[in-house]
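These notes concern the structure reproduced below.
Where a number appears in this text, it was derived from the coordinates with a stated rule and is not lab data. Note that the structure is predicted; figures quoted are calculated from it, not measured. Cβ atoms come from the backbone with ideal geometry, glycine included; neighbour counts cover every protein chain shown.
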Amino acid sequence: MATIQKRNNSYSIRVSCGYDTRGKQIIRSMTWKPEEGMTPKQIEKELKRQTVLFEESCMKGFQTKAIKFETFAEEWFNEYAKINLRNTTYERLLQLRGRIYPAIGHLRMDKITPRHIQAFVNSLSQEGANERTGKPLAPKTIRHNLSFISNIFTYAAKMGVVSDNPCSKVTIPKNEVKEKQIYSQEEIALLLSKINGEPTKYRAFFFLVAYSGFRRSEMLGLEWKDVDFENNVISINRTSNYTAERGIYTDTTKTKRSKRVLKISPYIMDILKKLKAEQEEEAFRLGDKWIESDRLFVKWDGSPMNNQTPYGWLKEFCEKNEMPFYGIHSFRHFAASALISAGLDVVTVSGALGHCDSGTTLNIYSHMFQTAQARVAQAMDGAFSFLPQDHAG
């Protein structure tokens, strides 16, 4: 309830906004001065209006400032994330709540400091943070947690809940960065030679992913209309993804630049021709039971293949053949390594991989580019071996 006090030619309007954490009453006040020439009736009417507006403003501001992180984060999910983010990103962020809410979810947005967030981030780099392995979380996972918190505060600043983003002052601890596990050329050659004796759909999948470096979601999103057998090219136009809420669903590519066309080896295109012929035979055999999805990689009934199927099949295959298993994404790293080793520039490699820009490619594969450049320098030194070795002036 507002209280009004007249002071000479102006009025002091005071509003109680509840109590702070120490039990002290929070008072907001403003001064309103009537314009010259206003009649007493006009002053009374306008004073009431100013009082109501100020009271509403104070209560709204107080309620907003007092909102807890978990409450506001859930509002962010509904008001922003669900509308603007890709489903896979949205689902991944939902999973991060399990760590973040117990740490800072109970704190008021306007009371969270960089020290609160720094303490949480530091805890993720400690032994035991990963409950499954008992080890610290990977740097990438820690960055995901911090980015999620930062996204919440960025949105809160836009909505007037906080004045700034405390995450800007937080530092991610430097942990030992493990080198990416990448199949060597010899390992890929051995792996694919053994896969040659397996069902056609797995031969097609792993020969193509090793050659192209396509993302798994892009591979599973491929449809026969994307395959140009006449010119030996394949187009990436969509992805196939999975979430617990939606199941298997079709989505756009990760970025606009992820839509691309790549020339493919005739040998691999012949495997795809065989796969297409086998699918057509199976569709004819099953009749009405066959689901026409036009996908290259399908289940027994023609419906899109589950995203975990290639991973699970390769893991079992590697164990059976006593070969190293580095996961599906390692094939993408191998393809990138092969392109870089061949001496292709970063822009060309970036385009082939479908990265949003060449900076992303450099960030991920900077070591490979440096190694390739060192080999170029060694080659040039060899070519200029006729020069005198003593460079002293």
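Please check: in the Gaussian network model of the chain (C-alpha springs, under 10 Å), which one of G37, G247, G213 has the largest mean-square fluctuation.
G37
How large is log10 I(q)/I(0) at q = 0.07, 0.14 Å⁻¹ when the Debye formula is applied to the Cα atoms of the chain, each weighted equally and without solvent?
Log-scaled intensity ratios, in q order: -0.54, -1.31.
Return one number: the angle in degrees, 0 to 90 and rounded to the nearest 10, between the long axis of the Cα atoms of helix 87-100 and the longest principal axis of the Cα atoms of the chain.
60 degrees
Based on the Kirkwood radius over alpha-carbon pairs, what is the Stokes-Einstein translational diffusion coefficient of the range 185-375 at 20 °C with 1.002 mPa s viscosity, in µm²/s?
Values: Rh = 17.5 Å.
For the chosen part, D equals 122 µm²/s.
With charges only on Cβ, +1 for K and R and -1 for D and E, what is the dipole size of the range 69-169 about its Cα centre, in debye, rounded to 20?
300 debye
Which three extents, in angstrom, do the Cα atoms of the range 287-328 have along their principal axes, listed largest first?
Computed over the Cα atoms, the extents are 41, 16, 12 Å.
Okay, helix-only estimate at 222 nm for the chain: each DSSP H run of n ≥ 4 adds -39500 (n - 2.57), divide by all residues, round to 500 deg cm²/dmol; what do you get?
Values: 13 runs with 189 residues, N = 393.
Dividing the helical sum by the residues of the chain leaves -15500 deg cm²/dmol.
Order the peptides 232-238, 300-306 from the highest to the lowest mean number of other Cβ atoms within 10 Å of their residues.
Ranking the peptides 232-238, 300-306 by packing returns 232-238, 300-306.
Using a Gaussian network model on the chain with a 10 Å cutoff between Cα atoms, which of Q25, Q118, Q95 fluctuates the most?
Among Q25, Q118, Q95, the largest mean-square fluctuation in the Gaussian network model of the chain belongs to Q25.
Of L296, A283, L222, which is farthest towards the positive pole of the range 213-301's charge dipole, taken about the Cα centre with +1 and -1 on the beta-carbons of Lys, Arg and Asp, Glu respectively?
Towards the positive end, the residue furthest out is L222.
Along the positive direction of the dipole of the chain (beta-carbon charges: Lys, Arg +1; Asp, Glu -1; about the Cα centre), which of S337, N84, T250 reaches farthest?
N84
Multiplying the sequence separation of A277 and N78 by 0.36 nm and subtracting their Cα-Cα distance, what value in nm do you get?
Gain on extension, A277 to N78, equals 67.0 nm.
Of A103, A81, A73, which has the largest mean-square fluctuation in a 10 Å C-alpha GNM of the chain?
Residue with maximal mean-square fluctuation among A103, A81, A73: A103.
Starting from one equal scatterer on each C-alpha and no solvent at all, send me the Debye-based log10 I(q)/I(0) for the range 132-216 at q = 0.11 Å⁻¹, two decimals.
Once normalised to I(0) and log-transformed, intensities are -0.61.
Charges at C-beta only: +1 for Lys and Arg, -1 for Asp and Glu. How large is the resulting dipole of the chain about its Cα centre, in Debye rounded to 20? Spell out each step's value before the answer.
Details: 56 positive and 44 negative charges, 395 e Å.
Value, rounded to 20: 1900 debye.
Spin-label point model (7 Å from Cα, Cβ direction): what's the M38 to R86 distance in nm?
Once both label points are built, they end up 5.7 nm from each other.
Which order results if S12, S125, S258 are arranged by neighbouring Cβ count within 10 Å, fewest first? Walk me through the intermediate numbers first.
Working: S12 13, S125 16, S258 20.
Least to most surrounded, the residues fall as S12, S125, S258.
Would you mind checking K174/K315; K6/K48; K158/K256 for any pair whose Cα atoms are more than 23 angstrom apart?
Beyond 23 Å: K174/K315; K158/K256.
What is the ratio of the Cα radius of gyration of the range 69-169 to 2.2 N^0.38 Å, where N is its residue count, to two decimals? Could the numbers behind the result be given before it?
On the way: Rg = 13.4 Å, N = 101, 2.2 N^0.38 = 12.7 Å.
Here the Cα radius of gyration is 1.06 times the empirical estimate.
Which order results if I67, I83, I172 are arranged by neighbouring Cβ count within 10 Å, fewest first? Display every interim value, and only then the final one.
On the way: I67 18, I83 9, I172 15.
Lowest count first: I83, I172, I67.
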